[in-house]
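A.B. asks: The structure under discussion is supplied below as structure tokens; questions concerning it will follow.
All of the numbers you see were taken from the coordinates with simple rules; none came from a lab. Note that the structure is predicted; figures quoted are calculated from it, not measured. Methodologically, a virtual Cβ is constructed for each residue, glycine included, from the backbone with ideal geometry; neighbour enumeration extends over all protein chains shown.
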Amino acid sequence: MSIDIEKNEYVALMGPSGSGKSTLMNLLGCLDTPTSGTYVLNGRDVSSMTENELADIRNQEIGFVFQTFNLLARLTGVENVALPLIYAGKSKADRNERAAQMLTAVGLGKRMRHKPNELSGGERQRVAIARALVNNPSIILADEPTGNLDSKTSLEIMDIFERIYNEGNTVIVVTHEEDIAAHARRVIRLRDGVVERDEPNPTPRLASRSAALRPEAVQSVSAAPGT
């Protein structure tokens with residue numbers, strides 16, 4: 001398998017169960033290393049790095065958004081978002097300031113002190129997106145980000161990804177849903193561990209035309225552009 005993803009691309013990875021999309025996501029996210037071949041991220045060959053080196057790459061270069069949110073129940077929204085900054089060595093004041101900025105950017109400025117069980121599914125996913133952005137990653141890697149959400153909330157979340165992409169960032173969404181993949185500018189379809197089709201999407205679905213966002217509008221959500 002050979003795939004090139006450039007800076008400021010919006011890509012959907014699709015495929016049925018067993019197609020290899022989860023394996024590819026783990027490789028792109030530096031959660032696994034390839035048994036052969038190379039993976040070059042921002043000019044660095046990460047395929048032979050140690051576990052500690054890969055952990056640093058994940059913290060610095062990749063922002064993860066998961067279907068199940070993966071928030072810590074005992075922490076508030078702002079504390080969850082600030083977690084990656086602890087590993088980056090930032091001071092508490094800097095962590096809290098940056099986390100608050102990101103939560104405000106995704107429309108949760110007024111609910112950042114709430115814990116996950118006090119938030120709706122859409123709000124929890126907004127916290128997860130803010131956490132993914134907080135370290136200015138090169139790639140936003142989202143695994144079935146709307147899988148646990150209703151259709152209206154899904155459109156609101158896809159609108160945030162649209163804004164992230166429009167501000168110059170690289171977005172990769174792993175999904176089995178055609179209507180979610182339709183938001184991307186390129187769709188890569190996998191089957192049996194190989195690329196079945198790799199096609200541009202000349203007429204992407206724009207979430208902002210379909211979804212009415214919450215009263216506290218989503219603001220700039222830019223992270224540092226990367227590949």
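A.B. asks: Can you give the FRET efficiency to the nearest 0.05 for Arg113 and Ser91, using r as the Cβ-Cβ distance and R₀ = 35 Å?
C.D. replies: 0.95
A.B. asks: Next question, about the same structure. Identify, among Thr76, Pro202, Ser17, the residue whose Cα sits farthest towards the positive end of the charge dipole of the chain, taking +1 on the Cβ of Lys and Arg and -1 on the Cβ of Asp and Glu, with the dipole about the Cα centre.
C.D. replies: Sorting the options by dipole projection puts first Thr76.
A.B. asks: Evaluate the distance, in nm, between pseudo-label points positioned 7 Å from the Cα of Ile5 and of Thr33 along their respective Cα→Cβ axes.
C.D. replies: Label-label distance for Ile5 and Thr33, simple model: 2.1 nm.
A.B. asks: Set Lys and Arg Cβ to +1 and Asp and Glu Cβ to -1, take the dipole of region 1-77 about its Cα centre, and tell me which of Gln67, Asn8, Ser47 lies farthest positive.
C.D. replies: Of the options given, the answer is Gln67.
A.B. asks: Counting pairs of alpha carbon atoms under 8 Å apart in space and at least six apart in sequence, what relative contact order in percent does region 1-62 give?
C.D. replies: 22 percent
A.B. asks: Compute, for the chain, the length of the dipole vector about the Cα centre, with Cβ point charges of +1 (Lys, Arg) and -1 (Asp, Glu) only. Units Debye, rounded to 20.
C.D. replies: About 820 debye.
A.B. asks: Around Ser22, what is the net charge, scoring Lys/Arg as +1 and Asp/Glu as -1 over all other residues with Cβ under 14 Å from its Cβ?
C.D. replies: Value of the local net charge: -2.
A.B. asks: Can you tell me, using C-alpha contacts under 8 Å and at least 6 residues apart, the relative contact order of region 72-139 as a whole percent?
C.D. replies: Once divided by the residue count of region 72-139, the mean separation gives 45 percent.
A.B. asks: Please report the relative contact order for region 57-188, taking Cα pairs under 8 Å with a sequence separation of at least 6, and give it as a percent rounded to a whole number.
C.D. replies: 32 percent
A.B. asks: Right, here's the next one. Count charges around Ile86 for me, please; just the other residues with Cβ under 13 Å from its Cβ, Lys/Arg as +1, Asp/Glu as -1.
C.D. replies: +3
A.B. asks: Hey, what number do you get for the chain at 222 nm if only DSSP H runs of n ≥ 4 count, each worth -39500 (n - 2.57), divided across all residues, to the nearest 500?
C.D. replies: Helices in the chain give a 222 nm mean residue ellipticity of -10500 deg cm²/dmol.
A.B. asks: Could you give the length gained by full extension between Thr50 and Ser120, i.e. 0.36 nm per residue of separation minus their alpha carbon distance, to one decimal place?
C.D. replies: 21.4 nm
A.B. asks: Compute the longest continuous run of the chain that contains no exposed GluC sites (Glu not before Pro); treat a site as exposed when its DSSP state is not H, G, I, E or B and it has at most 13 other Cβ atoms within 10 Å.
C.D. replies: Free of exposed loop sites, the longest segment is 7-166.
A.B. asks: A further question on this structure: Counting C-alpha atoms alone, how compact is the chain: give Rg to one decimal and Dmax as a whole number, in angstrom.
C.D. replies: Answer for the chain, Rg first and Dmax second: 16.8, 50 Å.
A.B. asks: As I understand it, the dipole of the chain uses +1 on the Cβ of Lys and Arg and -1 on the Cβ of Asp and Glu, about the Cα centre. Which of Ser91, Ile188, Val174 lies farthest toward its positive end?
C.D. replies: Final value for the positive-end residue is Ser91.
A.B. asks: Next up: For region 199-207, just list the computed ³J(HN,Hα) in residue order, Karplus coefficients 6.51, -1.76 and 1.60, θ = phi - 60°, integers in Hz, with x standing in for Gly and Pro.
C.D. replies: 10, x, 10, x, 10, x, 6, 9, 4
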